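The values are calculated or read from the model by the stated rules, or taken from the named source; none is laboratory data. Quick caveat: nothing in here was measured; it's all calculated off a predicted structure. Note: ideal-geometry Cβ built from the backbone for every residue, glycine included; neighbour counts use all protein chains shown. Just the protein is used for accessible areas: all its heavy atoms, side chains included, with ligands, DNA and RNA removed. Shrake-Rupley method; radii C 1.70, N 1.55, O 1.52, S 1.80 Å.
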Amino acid sequence: DCGQQWAIPSSLVRSTKHGVHRGMSSVTIPPPACMLRPLEVPFRYLFGPGPSNVPPRILAAGGRPIIGHMHSEMFGIMNDIKKGIQYAFQTSNNMTLAMSGSGHTAMECAVFNIVEPGESVLVAINGIWGERVAEIAERMGAKVHTLFKTPGGHFTNAEIEQALAKYKPVLFFLTHGESSAGLVHPMDGVGDICHKYNCLLLVDSVASLGAAPLLMDQQNIDILYTGSQKALNAPPGTAPVSFSERACHKMFNRKTKPVSYLLDMTHLSNYWGNDGKPERIYHHTGPVSGFFALRESLAILAEMGLENSWSHHTEIAEYLWKGLEDLGLKLFIKDKDLRLPSVTTIAIPEGYDWKELLAYIMKHHRIEFTGGLGPSVGMVLRIGLMGYNCNKANAAMVLAALEDALKQCRKSKA
């Protein structure tokens, strides 16, 4: 009707001796029945270690109309995100951005850009996240050395310094919020020790950001990353990360290119307007809706204030801890100061099948808790109250569900 000419796909054209016949389809696989039904997603209380429930305000932000990933308005939103991350991290680092992917993307970005094949890396392992970083570094050819503690353990500054002196790494990794064990690691002094040995400090704050105090610049952290789906309450899929000037000097004076094109900070720094060049050049299509949601989540944190968010998470965590102990349950992390406020771990109650407890709570209360992860599997149950989910009403719901499950689930006689 508009005068446009539409090409007929070659798959629909068949030539015979009688001429050309149109409309003969080569499609042999029919539309799947599931795709002809509407999407159904149940409502659940996500009180595990993440993702957390997304508040309506952030859901609405993610539902805004799409704009182009290279539009000037999108760059403005990305600039807002950068400022929001700088506040959340407490850093003035120019090289601050959000990765297009989950926390693992930022984890790989940091290792791939900082470390070159053959260089020494030291990884503190006291749960699953250290295990992951060690494997990532090993895969890209680094010489990986490890400090090891069982889940729930932490490292003294003296232990860290001894290992730095021994292995002389270019990078030391430490998890601030070890969600697989429910531990928040002390950070004071660690950055200073790393710098004494000309080593960069990489810190994972995926489970702790916004819930436990962390000060990137004051604590001399060189690379810090987090995820969108924990205390920030945005959907999974974006990962804030920031690099210090020391990290940038190492990163942009490499002898070899990073093993990943997608995660190459030479390109990403331009995409985020951090390289000082007048024009941003296409590198990849960022998750536009995800960036809308992340911006809104960072705005909510800024409105509340970091210190208020930290104290609120601590207050609710302490309320939960007391309630759990009143039920006769044992908290996995004995030292209160080392407990992660956003993710509480309890020792699996004696005589119970932890999988049966979790299944009962999901079926009868629509609440997600989880078991351990990696080395903590079979050791703990994990309960997360983060950001939007962090309130006394939800904590009371958690306690009521656990009390019910302990009464209704079978307890072995052994």
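Only one residue in Leu183, Leu171, Leu201 is open to solvent by less than 10 Å² (accessible area, probe 1.4 Å), more than 26 Å from Phe332 (Cα to Cα) and either touching a residue at least 40 places away in the same chain (Cβ under 8 Å) or more than 22 Å from the chain's Cα centre (by Cα) (or both), so which one is that?
Numbers: Leu183 fails: more than 26 Å from Phe332 (Cα to Cα); Leu201 fails: either touching a residue at least 40 places away in the same chain (Cβ under 8 Å) or more than 22 Å from the chain's Cα centre (by Cα) (or both).
Unique residue meeting the criteria: Leu171.
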Checking Glu279, Glu245 in turn, the sole residue that is in contact (Cβ under 8 Å) with a residue 60 or more places away in the chain, among the acidic types (Asp, Glu) and over 14 Å from Gly101 (Cβ atoms) turns out to be Glu245
Taking segment 41-68 and keeping residues assigned to a loop (DSSP other than H, G, I, E, B), open to solvent by 40 Å² or more (accessible area, probe 1.4 Å) and either in contact (Cβ under 8 Å) with a residue 12 or more places away in the chain or under 30 Å from Gly372 (Cβ atoms) (or both) leaves Val41, Pro42, Phe43, Arg44, Pro51, Gly63, Arg64, Ile66, Ile67
Looking across segment 145-161 at residues that are under 26 Å from Pro117 (Cβ atoms) and out of contact with any Ser or Thr (no Cβ under 8 Å at 6 or more places or on another chain), the single one that is least open to solvent (accessible area, probe 1.4 Å) is Ile160
Among the residues that make up segment 310-328, is at least one of them touching a Phe, Trp or Tyr at 6+ places or on another chain (Cβ under 7 Å) and farther than 18 Å from Thr175 by Cβ?
no
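Yes or no, residue by residue, for (1) more than 30 Å from Ala239 (Cα to Cα); (2) in a helix (DSSP H, G or I):
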site	(1), (2)
Leu301	no, yes
Ser309	no, yes
Glu318	no, yes
Lys322	yes, yes
Tyr352	yes, no
Ala359	yes, yes
Ile383	no, no
Glu403	yes, yes
Those residues of segment 319-355 which are open to solvent by 50 Å² or more (accessible area, probe 1.4 Å) and touching a Cys at 6+ places or on another chain (Cβ under 8 Å) amount to Asp353
The one condition Met35 fails out of (1) modelled with pLDDT of 95 or more; (2) exposed (fewer than 11 other Cβ atoms within 10 Å of the Cβ); (3) assigned to a loop (DSSP other than H, G, I, E, B) is (3)
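Each row is one residue, and each column tells you yes or no for (1) over 11 Å from Phe243 (Cα atoms); (2) among the β-branched types (Val, Ile, Thr); (3) touching a residue at least 60 places away in the same chain (Cβ under 8 Å).
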residue	(1), (2), (3)
Ile85	yes, yes, yes
Ser92	no, no, yes
Met95	no, no, yes
Glu108	yes, no, yes
| request: Could you tell me whether segment 75-83 includes any residue that is touching a helix residue (DSSP H, G or I) at 6+ places or on another chain (Cβ under 6 Å), touching a residue at least 40 places away in the same chain (Cβ under 8 Å), among the hydrophobic types (A, V, I, L, M, F, W, C) and open to solvent by 10 Å² or more (accessible area, probe 1.4 Å)? | output: yes
Within segment 361-381, residues over 18 Å from Asp204 (Cβ atoms) and assigned to a loop (DSSP other than H, G, I, E, B) come out as Arg366, Phe369, Val377, Gly378, Met379
Take Pro240 and decide whether it is in the same structural domain as Ser120 (by the TED database), under 20 Å from Pro49 (Cα atoms) and crowded, with 23+ Cβ neighbours inside 10 Å. yes
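Taking the condition outside any helix (DSSP H, G or I), open to solvent by 20 Å² or more (accessible area, probe 1.4 Å) and farther than 30 Å from Thr344 by Cα, does Arg246 pass? I'd like the intermediate steps shown before the answer.
Values: outside any helix (DSSP H, G or I): no; open to solvent by 20 Å² or more (accessible area, probe 1.4 Å): yes; farther than 30 Å from Thr344 by Cα: yes.
Criteria not met by Arg246.
Starting from residues that are of a type in the set (Gly, Ala, Ser) and over 26 Å from Gly152 (Cβ atoms), keep the ones in segment 86-114 and report whichever is surrounded by the most Cβ atoms within 10 Å (Cβ to Cβ). Talk me through it step by step, then tell me what you get.
Within segment 86-114, the subset of a type in the set (Gly, Ala, Ser) is 88, 92, 98, 100-103, 106, 110.
Going one step further and asking which of them are over 26 Å from Gly152 (Cβ atoms), we end up with 88, 92, 98, 100-101.
Numbers: Ala88: 26, Ser92: 12, Ala98: 31, Ser100: 21, Gly101: 20.
Per the stated criteria, the residue is Ala98.
Can you report the number of residues in segment 342-352 which are over 12 Å from Arg382 (Cα atoms) and either of a type outside the set (D, E, K, R) or at pLDDT 95 or above (or both)? Please lay out each step first, then the result.
Here is the first cut: in segment 342-352, the ones over 12 Å from Arg382 (Cα atoms) are 349-352.
Those left that are additionally either of a type outside the set (D, E, K, R) or at pLDDT 95 or above (or both): 349, 351-352.
Adding up the residues that qualify gives 3.
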> Is it the case that Pro117 is farther than 21 Å from Ser228 by Cα, surrounded by fewer than 18 Cβ atoms within 10 Å (Cβ to Cβ) and more than 16 Å from the chain's Cα centre (by Cα)?
Replying inline: yes
Scanning segment 129-140 residue by residue, the ones that are open to solvent by 10 Å² or more (accessible area, probe 1.4 Å) and in contact (Cβ under 8 Å) with a residue 40 or more places away in the chain total 3
